[in-house]
Every structure is written in structure tokens, then in C-alpha cells.
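The structure appears below as C-alpha cells.
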Amino acid sequence: MSVPTLAAAPSLCAPLPVLGRDVTVPLVTGGEVAYAALDYAASAPALQRVWDDVAAYAPCYGSVHRGAGYLSQLSTDLFENARRTVAAFLDCRDTDQVVFTRSTTDSLNLLAAALPDGCEVFVFETEHHASLLPWRNARVTCLDAPSSPRQAVDTLERALADRTASVHGGHGPALVCVTGASNVTGELWPVRELAAAAHAHGARIVLDAAQLAPHHPVSVRDLDVDWVAFSGHKLYAPFGSGVLAGRADWLREAEPYLAGGGASRRVTRRADGGLDVEWHDGAARHEAGSPNVIGAHAVASACKALTEAGFDTLVAREEHLIRTVREGLADVPEVRFLSLFGDDAPRVGVLSFVVEGWNSSHFAAALSAEYGIGVRDGLFCAHPLVRRLLGGDPRSQGECGAPEAAPGEKSLNAVRVSFGAGTPDEHVERFVRAVKELVRDGAKWSYRTEDGRCVPDTSA
Ligand SMILES: Cc1ncc(COP(=O)(O)O)c(C=O)c1O
């Protein structure tokens, strides 16, 4: 009789090398441990490749678009090549424009400043504040959180249909702003379907890809979105650059986001003493001031590194890490993961949870002080969503630094663990072990609140 062999587990790629792998941090209980950076959703560590590319260029650093010297020319080429690399990474249409900004927040504020007159904006209440808040000068419709991707599309369809049927005619410009992956639940949103719904009703759509682009390929063409925004520091390129890519027309028509050198083609003095300005109409129109060439080069380097590593393998590895967390904590009923679309919904490596009987700040502080694990606690700049998921009223006020929840009481904030291409298995395994030990045994140290943060009490 032949002995059945075990099915070979699919081989997973190694984590991509990132900076900080060898950094150790002190434990309050004594000794040191390698730092487990599990807050990628806030800011991811720099890829080693990005760091090396930046270091290789740094001696040749020069001004961009404003110098006759060799290194200025070289830096200008590097900056413009970075634009092309980002356009390829996002699979942009030939007519799209890539504008370098400071971050996703900056990109969405730029788009908000470029909205045509009378533009209506549609956002779900589930958005990060960077997507929720920039549209204050427009008429904003805030849509209720859906409980499934299908319901998200239906909700948007209905809101857009109401607009077209309204007495005002609803034929003016409209924009839908939607996140690709939630920074709270990690869940993927049905971007292609939402884009189709928007376009069917004459609206445009901007994709907040801050949490999507570091984990999944983003194709502007395939998703058929009008714009996409992301941040370098979440894409392993923490050098101060972000991106807004997409249609050129609204940006071309708008006043420059910042007025100054670089955005202006010609400035002349009028006879009456005033100034006439002719602005650029390409990306430069919204990139006044000296461009952040190192930031743009770093973003381009990260785009190349992720593309070369292959998103198929990166996604497979991340799903393995998500399973490690979910399965590792499946037998800990005190831990409740936050989710809109259900536990099995496709997601990126971002998971938020509450622990019965624990205040989330206390839990996160213990993970850091006793296990060297860096996570985040709070409302994650998505107050309405987190309040809703915690069972509160998304319309109510509330502070990020919530008071201690007594055992059995509803948590007022949550803990978020997040990881990505540079995360070794050991970090996630240590996290699972730490959560189990804290729930079973409690914290080994006592903690107090200082400046609104929970910290180990070292006064004893
Ligand atoms: C979904 C989402 N959008 C936008 C942002 C804002 O990004 P940034 O702080 O880089 O502007 C974040 C940051 O956490 C985010 O998670």
C-alpha cells in the first residue's frame, strides 16, 4: 500500500527587505526584542531598494526644472521619469496626468480645489477623513455605511439616480470619492462597479488608493476611475511625496493649487501696476515651488520594486499572514474583529479589533511595552465608521483618547494591526501569541494615562 503524501503547501515569497529589520526596542519587563512594526497602514517602513536608490541618487541631487547645470538636468530627467513610472504602475490612460503632491490628503485637497462650479460630491460615511473632509466647498452627500459590496453599489446608484431626478435637474458635474481598501477593516471595496455606477449617472470618481496601492495592483484603465490618489509613505517610500493621477481637464481648468514659481509660465507687469500671469496647463500647474525630486524618485523606485516582486506573490504572502491572525485568534472569543462586509470578505493586511474588558489604548500599550509590537489604537481618522462598527452612533461626538472601558462595557476605540510586503511571519506569530497571553493572563505591568496616551507606569 502506498503511503499518501501530504500536499505541498504553496511556497510563499520571502518578505521584501525593509529598513528597521534589526532595530531592537526595550521591554518594560526587561531585555530587548526586535521591533515588530505592525502599523503599516499608518506608515510602512522604507523598502531597502528604495533607500538604496535614494542613496545612489543623493550625491547627484540638483534643482528640478530650474537649472542649466548637469545635475539639474539629471534631476529634472529623474523627476519626469518618476512621473512616467508612476503612470505605468497605475496603468494610466495616455491622456492622464500624474501630479506629485505631498500625500493622499494633499492629492484629494488638490482635486477638491479643482472641482468645477456647482459640483456635487458623494462619499460614504466609512471613508478616512482625508476622503471625507476636503469637499467642504461643494454640496456633499454623505452615504450610509453599506453592509455588503452590493449594497454599496445600490446605495450609490440610488443617490445618483435621485440627483438626476431632482427638481434641480442634476445635470451639473458630480464626483464620487471612494476608498479601495478600508484603513479600518482592510476590506476591499467594489471600485469597478462603483465607477460604472458613477459613470452611468454622469458622475466622475476618484479612488483613494492609500491602503490599496501598497497591497494590490491598481489599474486606472481597468477600474475605469477618473483619478487615483496614494501616499509614498504607505508605499514603502517615506520621503514626503504623494500622487494624484488621472484626467487632466478639471485640473487644467482650475486655479493653480499653489501659486508660485514652477506653476507660472509667464508673469508680466500691467500698465496699471497689477500683474498678469499665464499659468502652465500640465502637471506643473499644481506643483508650484521646488519639486520634491527625492520623494518622487522614491515613489517610482517603490513602484518598480513592487511590480518586479509581483503582486501575485505579494498578495499570496499577505493572505497567509491574514490567515495566521484570523486562525490564530479564532479560539479567543474575547477578541472581536471589526468588519462591514463580514469576516470572509476579501481584504488587505489591515485588521481592527476590540478585546472584551480592555480599553484599546491599554491593550496597544501592553503590546508595545511587553512584546515590542507597534500597532495603533483609536478611531483611525475614520470616526463615523469606527463608531458605527463599535455599536455607537456615527453622528455622535467623541474623543480619540477614550476613557477606560470597564469589563463588559462597550469599547470606545479599537486596536489596529497592519502589515505588508516587508512583514516576516515571526512578527505576526508574536502578535497572535501576545494577544492570547494578554487576554488569558492580563498585563504584567501597570499602566497610567499621560497626555492622553496609555503608558507603562515606571514610577513604582
Ligand atoms: C484610506 C486612507 N486614505 C487617506 C489617508 C491619508 O493619507 P496621508 O496621511 O498619507 O495623507 C489614509 C491614511 O491613513 C488612509 O488610510
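The values are calculated or read from the model by the stated rules, or taken from the named source; none is laboratory data. Quantities reported herein were computed from a predicted structural model and do not represent experimental measurements. So basically every Cβ, Gly included, is an ideal-geometry build from the backbone, and we count neighbours across all protein chains shown.
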- Message: For the stretch 115-132, check the following and say yes or no: at least one residue is part of a helix (DSSP H, G or I) and under 13 Å from Ile205 (Cβ atoms).
- Response: yes
- Log entry, pairs with first residue in the stretch 425-439 being over 22 Å from Arg21 (Cα atoms) and surrounded by 15 or more Cβ atoms within 10 Å (Cβ to Cβ), second being of a type in the set (D, E, K, R) and at pLDDT 95 or above, beta carbons closer than 6 Å, six or more apart or on different chains, reads Val439/Glu334
- Task: Look through Leu340, Leu306 and report the one residue that is within 16 Å of the ligand (Cβ to nearest atom) and at pLDDT 95 or above.
- Result: Leu340
- Item | Subset of the stretch 43-61 that is surrounded by fewer than 17 Cβ atoms within 10 Å (Cβ to Cβ) and among the small types (Gly, Ala, Ser) - its residue that is nearest to the chain's Cα centre (by Cα) | Ser43
- Contacts under 7 angstrom Cβ, first residue in the stretch 366-387 being farther than 17 Å from Val355 by Cα and among the β-branched types (Val, Ile, Thr), partner in a loop (DSSP other than H, G, I, E, B) and more than 16 Å from the ligand (Cβ to nearest atom), 6 or more apart: none
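Quick test for you: out of Val191, Val184, Val206, pick the one residue that is more than 12 Å from the ligand (Cβ to nearest atom), under 16 Å from the mean Cα position of the chain (by Cα), more than 19 Å from Lys304 (Cα to Cα) and not assigned by TED's automatic domain parsing to the domain that holds Ser352.
The conditions single out Val191.
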- Item | Residue among Ser290, Ser301 that is assigned by TED's automatic domain parsing to the domain that holds Val218, assigned to a loop (DSSP other than H, G, I, E, B) and either buried (at least 24 other Cβ atoms within 10 Å of the Cβ) or in contact with a Lys or Arg (Cβ under 9 Å, 6 or more places away or on another chain) (or both) | Ser290
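Quick one: is Leu133 within 13 Å of Leu175 (Cβ to Cβ), within 15 Å of the ligand (Cβ to nearest atom) and in the same structural domain as Leu207 (by TED's automatic domain parsing)?
no
Residue-wise test of (1) farther than 20 Å from Val64 by Cα; (2) surrounded by fewer than 22 Cβ atoms within 10 Å (Cβ to Cβ); (3) hydrophobic (A, V, I, L, M, F, W, C).
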residue: Ala203; (1), (2), (3): yes, no, yes
residue: Leu207; (1), (2), (3): yes, no, yes
residue: Pro217; (1), (2), (3): yes, yes, no
residue: Asp222; (1), (2), (3): yes, yes, no
residue: Lys234; (1), (2), (3): yes, no, no
residue: Arg252; (1), (2), (3): yes, yes, no
residue: Leu258; (1), (2), (3): no, yes, yes
residue: Gly262; (1), (2), (3): no, yes, no
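Considering only residues that are surrounded by fewer than 21 Cβ atoms within 10 Å (Cβ to Cβ) and not small (Gly, Ala, Ser), look in the stretch 116-130 and name the one that is farthest from the ligand (Cβ to nearest atom).
Asp117
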- Query: How do the strands (runs of 3 or more DSSP E) wholly within the stretch 3-114 filter down when requiring 2 or more residues that are away from the ligand (no atom under 16 Å from the Cβ), touching a residue at least 24 places away in the same chain (Cβ under 8 Å) and under 27 Å from Ala229 (Cα atoms): which remain?
  - Reply: 97-101
- Go through the residues of the stretch 140-163 one by one and say whether even a single one is at pLDDT 95 or above, within 16 Å of the ligand (Cβ to nearest atom) and either assigned to a loop (DSSP other than H, G, I, E, B) or aromatic (Phe, Trp, Tyr) (or both). yes
- Query: Within the stretch 169-181, restricting attention to residues that are under 22 Å from Asp249 (Cα atoms) and at pLDDT below 95, which residue is farthest from the ligand (Cβ to nearest atom)?
  - Reply: His171
- Message: Among the listed residues Ala271, Ala283, identify the single one that is assigned by TED's automatic domain parsing to the domain that holds Leu90 and within 28 Å of Ile205 (Cα to Cα).
- Response: Ala283
- Item | Among (1) part of a loop (DSSP other than H, G, I, E, B); (2) within 16 Å of the ligand (Cβ to nearest atom); (3) not polar (S, T, N, Q) - the single one Gly261 does not satisfy | (2)
- Within the stretch 73-106, work out how many residues are more than 20 Å from Glu253 (Cα to Cα) and over 21 Å from the mean Cα position of the chain (by Cα). 10
- Message: Of everything in the stretch 322-365, what is surrounded by 24 or more Cβ atoms within 10 Å (Cβ to Cβ), in contact with a Gly (Cβ under 9 Å, 6 or more places away or on another chain) and either assigned to a helix (DSSP H, G or I) or of a type in the set (Asp, Glu) (or both)? Give them in sequence order.
- Response: Ser360, Ser361, Ala364
- Task: Look at Asp77 and say whether it is charged (D, E, K, R) and over 30 Å from His280 (Cβ atoms).
- Result: no
- Test: Val243 is more than 19 Å from Trp135 (Cβ to Cβ), within 16 Å of the ligand (Cβ to nearest atom), surrounded by 20 or more Cβ atoms within 10 Å (Cβ to Cβ) and under 15 Å from the mean Cα position of the chain (by Cα): yes
